[in-house]
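**Q** Below is a structure I'd like to ask you about.
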Protein chains: 6
Amino acid sequence: MRHDGRQPDELRPIRIQRQFTKVAPGSVLISAGDTTLLVTASIDETLPPWKAADPAAQKGWLTAEYCMLPGSTSPRKRREREKVDGRSTEIQRLIGRSLRACVDFETLGPRTIMIDVEVLQADGGTRTLGITGGYIALCDAIATLGDKVSKDRPVLTTSIAAVSVGISHGTPILDLDYIEDSQAEVDLNVVMTGSGEFIEIQGTAEGRSFTRAQLDQQLALAEKGIRQLMELQQAALKG
Amino acid sequence: MRHDGRQPDELRPIRIQRQFTKVAPGSVLISAGDTTLLVTASIDETLPPWKAADPAAQKGWLTAEYCMLPGSTSPRKRREREKVDGRSTEIQRLIGRSLRACVDFETLGPRTIMIDVEVLQADGGTRTLGITGGYIALCDAIATLGDKVSKDRPVLTTSIAAVSVGISHGTPILDLDYIEDSQAEVDLNVVMTGSGEFIEIQGTAEGRSFTRAQLDQQLALAEKGIRQLMELQQAALKG
Amino acid sequence: MRHDGRQPDELRPIRIQRQFTKVAPGSVLISAGDTTLLVTASIDETLPPWKAADPAAQKGWLTAEYCMLPGSTSPRKRREREKVDGRSTEIQRLIGRSLRACVDFETLGPRTIMIDVEVLQADGGTRTLGITGGYIALCDAIATLGDKVSKDRPVLTTSIAAVSVGISHGTPILDLDYIEDSQAEVDLNVVMTGSGEFIEIQGTAEGRSFTRAQLDQQLALAEKGIRQLMELQQAALKG
Amino acid sequence: MRHDGRQPDELRPIRIQRQFTKVAPGSVLISAGDTTLLVTASIDETLPPWKAADPAAQKGWLTAEYCMLPGSTSPRKRREREKVDGRSTEIQRLIGRSLRACVDFETLGPRTIMIDVEVLQADGGTRTLGITGGYIALCDAIATLGDKVSKDRPVLTTSIAAVSVGISHGTPILDLDYIEDSQAEVDLNVVMTGSGEFIEIQGTAEGRSFTRAQLDQQLALAEKGIRQLMELQQAALKG
Amino acid sequence: MRHDGRQPDELRPIRIQRQFTKVAPGSVLISAGDTTLLVTASIDETLPPWKAADPAAQKGWLTAEYCMLPGSTSPRKRREREKVDGRSTEIQRLIGRSLRACVDFETLGPRTIMIDVEVLQADGGTRTLGITGGYIALCDAIATLGDKVSKDRPVLTTSIAAVSVGISHGTPILDLDYIEDSQAEVDLNVVMTGSGEFIEIQGTAEGRSFTRAQLDQQLALAEKGIRQLMELQQAALKG
Amino acid sequence: MRHDGRQPDELRPIRIQRQFTKVAPGSVLISAGDTTLLVTASIDETLPPWKAADPAAQKGWLTAEYCMLPGSTSPRKRREREKVDGRSTEIQRLIGRSLRACVDFETLGPRTIMIDVEVLQADGGTRTLGITGGYIALCDAIATLGDKVSKDRPVLTTSIAAVSVGISHGTPILDLDYIEDSQAEVDLNVVMTGSGEFIEIQGTAEGRSFTRAQLDQQLALAEKGIRQLMELQQAALKG
């Protein structure tokens, strides 16, 4: 039994609120237990300079930024104002890469989608929840494009969700909160598509290496969690 | 009549939600019309180095940071990650200075309170709303100190609220939204105490200078608005 | 009686030397007591990028920088070389905003005037003296434009001067030096036009809030001081 | 057949030269085909400040920096002098994390080992080769500690090596060079211990998602390559 | 004949005003033709951290900063606020090194002298004039130390002055102004002591290499100019 | 006799390996005793922006960067990643200036040559060895231009080499290593052309001023050393 009473294969309660603010075309307040994020998706009708100079400049682009707000942790986290720390850089690169995997940039056309993941409260799993919520914000933002994009092919070619798994006292567990994450022997983040294929796998041994069998168990758990998250995404998008 | 149907002396609808997140001792979601802020108050049991070296080091300190999140405006605002822009610096200095005016730092003792104003959506009046909401977050944070502070004297010696006023087409108006602010001839921010005295007055002519009579009209309007805001603060703190 | 023997409504001795250097089109050495500034005005025949892209690009622009030189204080002030501190940012924004209020940018045409306020010695009141001296440097710089600007309308639509007032031991006083400033209960900076209207009012309670009556007394004092400063400006410009 | 004639499961030729320079206690010139790195290991007899303040301060630390020299690519890579780019940050965090997995920090004692990976020529696989070469530099540096560390337990608890695998035109291939890497559909970096367990797995879909079966094939290939690299490490360390 | 009518071996008119400001212990306004500098010398009763940790920490230190103010040139020079440019770095290192050559740091004791060279107007020769004026500011600052330093040995062991020489159209010339400097074939800065020995020689071919004979001619010219500058320094210090 | 057994006028053993890497058009591993550098020369077919805007934009440009790698010294040198230190700036400006003296930029045409001097191991004399090795890398890079440049005039108009000399215990010595450099009374770097003329002379008194006679002795020693270095350059370029 886990410290909060969950089964090893049980997600934390997920809450999703679309259009939390209205100025950004996509604006999702998403939480998993005590982890709370505001994910916005903005659209810029230009391309970044390095992209615009490219012969493939008819294709669009998507990029992401991730930021833990100072009040999201106790003790308060120092604001990243003079330089971005390595962890934030790594996470926002992962989020951008993962969400790019579901966009047909030719259909999107020469515009840039910016995903901003603001961590309002951090209790583990912010990067994977940012991807799961980012997909919803992305859907909402794309919907505002209307006739600016061709209707022949969908801009989004699949759905994307992500979850963390780990090994705690030898047992594989799903969707770790902060306490579990800091004690886990392995930390594995998995990003998958709606068709059940992998977009990204990042597994790190924390103090102890892991065997192939342990990897397999964790991947199975992740797959199960991601299927549930995708159902919640679809429900939110219909709601 | 104003573009949104308000009377010249009418505030926008104010919504206040305390404990929006739970990790920060003070956490207030506050909105005035479409301006939405998350204001957190954190407590650090140390003093900043320049303060700790001071003979008055038994006294506490309060400081503030202000940040417009990228998704708070359209077009998206570039994240301040490498340097803070001049406007943010100016605003956070005003917020810190204003809230320090209600704290008895001797009673607070050698600790630092950090007020973080995160602008989730910007539609004018963010700096004054940050002060008004910051006071509530500050009250909640101080309450968590319990027996760490003496009960002989209150830590907070008065209440603080703030509002913007301006002159539009020659008429003084209260609590400007973004459209009004960008067309106003004068922009005046007023911070007052619960006893009706001034903490800060910042008035700027925008393209046209203003007379003493116009200043007086605006100050009267500000005083009226601030009295209403203080009632809303008290109601929220009791709720 | 004040510590230097002045009456409450008495300015410090003002000295103004135009064309202190000759390479900049405007170059004014101005002092008020022991506060000494070199204010230069330079003209750039282009616009800043954000301005040039604007449909109103036929209009000119004015911007200001403020810098306390390391030797201007004791102990020596650390040079702002890696980042500008919040106070300097705030001051230079005030100086730029104030001086823009007297320029007809359409008549000026698509060029940029840069005002540089270098504090050679700091003894209080540097920001207001920077505005007062900046107006003179601006006049001299505009004069060098000759036939580049239309003679139909003047580039400068009014004159601008500024002064600080405060409350010390309950008495309102004019033009505070450093010692007075650090003990004052209120610090109020006022910028006015030649026609006696306000451009900017910035009043800050220092440890104690102030009443409406106290505000009125200070504004009267400021108005008197600014009238004298404007006479000194006119004398210097004729000299 | 691959563009350079290798079999799918064939490593590039590996060359290892220990003590390339003599001032650093570990200094390894390592190349895989045209990828050439200089990896040095330095020892600092202090701990980083955040570590020294920690109750576990009797334990040592290891950290890594990764830098592509400007001449390592064509066109020349701009030198990272004002800020480190996100990719370098991510890579050096991976290298540090991987090499920390083989160090018993209690036996090492309160000192810091710095691994510097300088890319002299980049042709794919720099991060994994940095880990493989870093392990050798680390062995050499530890050896210079002599009697400063206890002989009861080894400082290094296992060996570490790493390799990249990918899928190209549907076929899993080992140790990708730059051309292969830029065309691969999947990019997977694997770090393993001498006992055949995982330290880190980072798999990224490049334009196309991958199935569980494809993941399994790649892991098998990585394991085979890492076994060979470990033999080459042992040979170099004996040489 | 030179463009301003000077003989090849003639200095520009030198003006020196001590105590230009009064808050810094040394404050010298010095000009050579149209080059005008404010050089201040401040004293800090501590040592820089890297020096304080040193066993020789009973000895003092001197360091210099050099800054061209924006209004010192036409077009206006961009202010060095985010990073110091290479030329300024090089010049301030030269000024500090040169002035350190005349200080007995043991007699000075554990304090730091800061020389700040502010270029108010730039017309060539700012670095050498900064050294010549810096020596005067240094004398004045040392004089304020009074009984804080031993009287057994002088703090200043010699005097220091500097000048530029160059070759223009094949003729060696002394004390180049900006026009001459930009056309010269060789640019040579020479720093000497009161006893006629060298502290620093920096000679650079500008587009054309120079022979040993040309070097000798220039050194003779520099020696002559420096002797005159030293007389002017002595006169100013007596005045 | 010197600490390593050399005569006063004896160079350290010089080793030169061209094409150490192959991606950069010039790539030279050069060492003098224990000082080891990798010098690469890259060619960019564009000009820097400030140069391209220039009417002389048909002419090319050459610039240099100098970097001591962290493992090049003991204790390890902190990597210059956030700002370049003053010493590196000064050295790379010297290297660029010196090598520009041998290039006919009109013949080179509108392209930029970048010289990167990476210090793999530092034992004194890195800046002069960087120039000596940089000349070889430059020759190799120019050779790759083939028909892109006119054959009527050579791109390189002379050869360039450099050496350090100094005075140790009153004796002038050639090519100082780190130990000698840190004890020398004078440090003089000399850059010369193949025709025996000067490009740059930088002499600095270290704690003790030097006479004209001492300068002459050192210049003679430098000239002798540079002649030998030029023979080694020619041999390497033929080899």
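**Q** Does C:D177 count as within 14 Å of chain E (Cβ to nearest Cβ) and modelled with pLDDT under 95?
**A** no
**Q** Now for a different question. Counting only residues that are more than 7 Å from every other protein chain (Cβ to nearest Cβ), free of Cβ contacts under 8 Å to residues at least 12 places away in the same chain and part of a helix (DSSP H, G or I), how many does segment B:68-110 have?
**A** Within segment B:68-110, residues that are more than 7 Å from every other protein chain (Cβ to nearest Cβ), free of Cβ contacts under 8 Å to residues at least 12 places away in the same chain and part of a helix (DSSP H, G or I) number 1.
**Q** Collect the residues in segment C:130-149 that are polar (S, T, N, Q) and touching a strand residue (DSSP E or B) at 6+ places or on another chain (Cβ under 6 Å), keeping them in residue-number order.
**A** C:T132
**Q** I would also like to ask the following. Quick check: anything in segment C:166-173 of a type in the set (V, I, T) and exposed (fewer than 14 other Cβ atoms within 10 Å of the Cβ)?
**A** There is at least one residue in segment C:166-173 that is of a type in the set (V, I, T) and exposed (fewer than 14 other Cβ atoms within 10 Å of the Cβ).
**Q** Now for a different question. Every residue in segment F:111-134 that is of a type in the set (S, T, N, Q) and within 14 Å of chain D (Cβ to nearest Cβ), please.
**A** F:T112, F:Q121, F:T126
**Q** Would you please name the residue that is surrounded by the most Cβ atoms within 10 Å (Cβ to Cβ), looking only at residues in segment B:174-215 that are out of contact with any strand residue (DSSP E or B) (no Cβ under 7 Å at 6 or more places or on another chain) and in contact (Cβ under 8 Å) with a residue 24 or more places away in the chain?
**A** It comes out as B:D177.
**Q** Give me a count of the residues in segment E:187-225 that are under 29 Å from E:T157 (Cα atoms) and small (G, A, S).
**A** The number of residues fulfilling the criteria is 7.
Per-residue answers, yes or no, for (1) within 14 Å of chain F (Cβ to nearest Cβ); (2) more than 16 Å from the chain's Cα centre (by Cα); (3) surrounded by fewer than 15 Cβ atoms within 10 Å (Cβ to Cβ); (4) not aliphatic (A, V, I, L, M):
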| site | (1), (2), (3), (4) |
| --- | --- |
| D:R6 | no, yes, no, yes |
| D:E10 | no, yes, no, yes |
| D:T21 | yes, yes, no, yes |
| D:P25 | yes, yes, no, yes |
| D:I30 | yes, no, no, no |
| D:T40 | yes, no, no, yes |
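**Q** Next question, about the same structure. Within segment A:104-156, which residues are surrounded by fewer than 16 Cβ atoms within 10 Å (Cβ to Cβ) and of a type in the set (S, T, N, Q)?
**A** Matches in segment A:104-156: A:T144, A:S150.
**Q** Applying the selection to segment F:61-95, what residues are buried (at least 23 other Cβ atoms within 10 Å of the Cβ), under 18 Å from F:I115 (Cα atoms) and among the small types (G, A, S)?
**A** Selection gives F:A64 alone.
**Q** Next up: Would you check which residues across segment C:218-239 are polar (S, T, N, Q) and surrounded by 15 or more Cβ atoms within 10 Å (Cβ to Cβ) and list them?
**A** C:Q218, C:Q228, C:Q233 - these are the residues of segment C:218-239 that are polar (S, T, N, Q) and surrounded by 15 or more Cβ atoms within 10 Å (Cβ to Cβ).
**Q** Still on this structure, please answer the following. What tally of residues in segment B:21-52 results from selecting those that are outside any strand (DSSP E or B) and not aromatic (F, W, Y)?
**A** Counting residues in segment B:21-52 that are outside any strand (DSSP E or B) and not aromatic (F, W, Y) gives 14.
**Q** Let me ask something additional. Go through segment A:216-239 and count every residue that is touching a residue at least 60 places away in the same chain (Cβ under 8 Å) and of a type in the set (K, R).
**A** Counting residues in segment A:216-239 that are touching a residue at least 60 places away in the same chain (Cβ under 8 Å) and of a type in the set (K, R) gives 1.
**Q** Here are E:R6, E:R12, E:R78: which of them is of a type outside the set (D, E) and closer than 27 Å to F:Q202 by Cα?
**A** Just a single option satisfies the conditions, and that option is E:R12.
For (1) farther than 16 Å from A:A32 by Cα; (2) not β-branched (V, I, T), each residue gets a yes or a no:
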{"site": "A:I131", "(1), (2)": "no, no"}
{"site": "A:I167", "(1), (2)": "yes, no"}
{"site": "A:P172", "(1), (2)": "yes, yes"}
{"site": "A:F210", "(1), (2)": "yes, yes"}
{"site": "A:L232", "(1), (2)": "no, yes"}
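**Q** Here's a follow-up. Go through A:A143, A:A137 for me and flag whichever is aliphatic (A, V, I, L, M), within 13 Å of another protein chain (Cβ to nearest Cβ) and farther than 26 Å from A:R6 by Cα.
**A** Just a single option satisfies the conditions, and that option is A:A137.
Each row is one residue, and each column tells you yes or no for (1) out of contact with any helix residue (DSSP H, G or I) (no Cβ under 8 Å at 6 or more places or on another chain); (2) under 20 Å from A:Q19 (Cα atoms).
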residue	(1), (2)
A:I131	no, yes
A:A137	yes, yes
A:G146	yes, yes
A:S150	no, no
A:P154	no, no
A:T157	yes, no
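**Q** Moving on to the next point. Hey, D:D216 hits all of (1) modelled with pLDDT of 95 or more; (2) over 27 Å from A:L188 (Cβ atoms); (3) more than 21 Å from the chain's Cα centre (by Cα) but one; which does it fall short on?
**A** With respect to (1) modelled with pLDDT of 95 or more; (2) over 27 Å from A:L188 (Cβ atoms); (3) more than 21 Å from the chain's Cα centre (by Cα), D:D216 is out only on (2).
**Q** Test each condition in (1) free of Cβ contacts under 8 Å to residues at least 60 places away in the same chain; (2) more than 29 Å from B:G239 (Cα to Cα); (3) within 14 Å of chain A (Cβ to nearest Cβ); (4) more than 20 Å from the chain's Cα centre (by Cα) for B:W50 and report the one that comes out false.
**A** B:W50 satisfies every listed condition except (3).
**Q** Could I ask something else about it? Using the structure shown, decide if C:G194 is at pLDDT below 95 and more than 9 Å from chain B (Cβ to nearest Cβ).
**A** So C:G194 fits the description; yes.
The values are calculated or read from the model by the stated rules, or taken from the named source; none is laboratory data. Computed from a predicted structure; not experimentally measured. Glycine also receives a Cβ, built like all others from the backbone with ideal geometry; neighbour counts cover every protein chain displayed.
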